[in-house]
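J.: First the structure, then my questions, so here it is.
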Amino acid sequence: MAIDPTLHFLPWEDRPAGCSDVVWRYSQNPIIPRDLIPSSNSIFNSAVVPFNGEFRGVFRVDNKKREMNLHSGSSKDGLHFTLKNDPIEWIHTDPELAKFEYRYDPRVTWIEDRYYVSWCNGFYGPTIGLGYTYDFEKFYFLENALLPYNRNGVLFPRRINGKYVMFSRPSDNGHTPFGNIYLSQSPDMIHWGEHRFVMGTKDGWQSTKIGAGPTPIETKEGWLLFYHGVITSCNGFVYSFGAALLDLDQPWKVIYRSAPYLLSPQTIYECVGDVPNVAFPCASLYQESTGKIAIYYGGADTVTALAFCKVDEVLDFLKKNSEL
Ligand code: BMA
């Protein structure tokens, strides 16, 4: 089957009348309910990409035993999805790496000739698993990119200065109460080094920890990164998201960073669920010709939701509301 990663169209809804938010929610959220497939307890924090004029994705599904795993899925319109009831079975060359502990929070990135998948992989503690697929039928496991403990591994969509580049967020083995975004570089997707600090926690909504969200979007002015930030409230962690603009050639250099959040958990499906008060973005679709962006995010660790924005408005917001 020929692979066409071009985005021919994207799901879209105009900003509602009377709303002045830079990022607004889809009126029919959530787009994926927790019980879409018989095996699921919840379906959230998931990654959607364009594929042959349709959409494919890798979805985080927690099953009714509360195991966290990745399932493949497809959609014609980016709004209505069909998911496989059984998790992805990775093709491994090294049986040592095949043991399942847990797999969650996937990102999918088209690079050069295939779709790469990165996720939080249980390997004696959480680290970043990397694999790839051509067709969303067969999935090949590459390697664990980094040592435990690490989460939120997110690949850039092309090499920079000849190297693959990946964000990550070193963590601990629990519900980590800290976390900054770093970046690592690789000549071959296997060996990662030349680590750089990108940005750390700040005040307010991003004061406890931050982590990269969807694959960064290349704009003329820099890499646009949506990232989640966490504040610790009386009631526990609250996950919102904002954006940053990073230098095109040295993407660890932050040009702008949003002081206010772009979206925080405020609706029922973001505030009520297995983990209340979570809006966690893992994927976006960007149409360069119109500047439209659709962001897929998990709601309350239970359902998958969609939000929209326009690239020029996000860049304008960043210029006016940046604090480094
Ligand atoms: C993080 C990850 C995410 C989750 C979030 C809130 O550590 O586990 O998958 O959405 O916590 O529970």
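Read-outs: derived from the displayed coordinates by stated rules, not from any lab. Bear in mind that the values here come from a model prediction, so they are computed numbers and not experimental data. Note that each Cβ is placed from the backbone with ideal geometry, even for glycine, and that neighbours are counted across all protein chains shown.
J.: Show me the strands (runs of 3 or more DSSP E) found entirely inside the range 256-324 where at least 3 residues are among the polar types (S, T, N, Q), within 15 Å of the ligand (Cβ to nearest atom) and crowded, with 19+ Cβ neighbours inside 10 Å.
T.: Ranges flagged: none.
J.: I want to confirm something. Restricting to the range 111-126 and keeping residues that are small (G, A, S) and part of a strand (DSSP E or B), which single residue is nearest to the ligand (Cβ to nearest atom)?
T.: Per the criteria, the residue is G122.
J.: Pairs please, first residue from the range 290-310 and within 12 Å of L10 (Cα to Cα), second anywhere and of a type outside the set (S, T, Y) and within 12 Å of the ligand (Cβ to nearest atom), Cβ atoms under 6 Å, 6+ apart in sequence or on different chains.
T.: Sorted first by the residue in the range 290-310, then by its partner, the pairs are I295/P281.
J.: All but one of (1) under 19 Å from the mean Cα position of the chain (by Cα); (2) assigned to a loop (DSSP other than H, G, I, E, B); (3) surrounded by 19 or more Cβ atoms within 10 Å (Cβ to Cβ); (4) not charged (D, E, K, R) hold for G57, so report the exception by its number.
T.: The failed condition is (2).
J.: Scanning the range 86-110 for residues that are among the aromatic types (F, W, Y) and not in a loop (DSSP other than H, G, I, E, B), which turns out farthest from D301 (Cα to Cα)?
T.: Among those that are among the aromatic types (F, W, Y) and not in a loop (DSSP other than H, G, I, E, B), it is W110.
J.: Taking the stated definitions as given, is V117 closer than 14 Å to I88 by Cα and surrounded by 19 or more Cβ atoms within 10 Å (Cβ to Cβ)?
T.: Taking the combined requirement at face value, the residue satisfies it.
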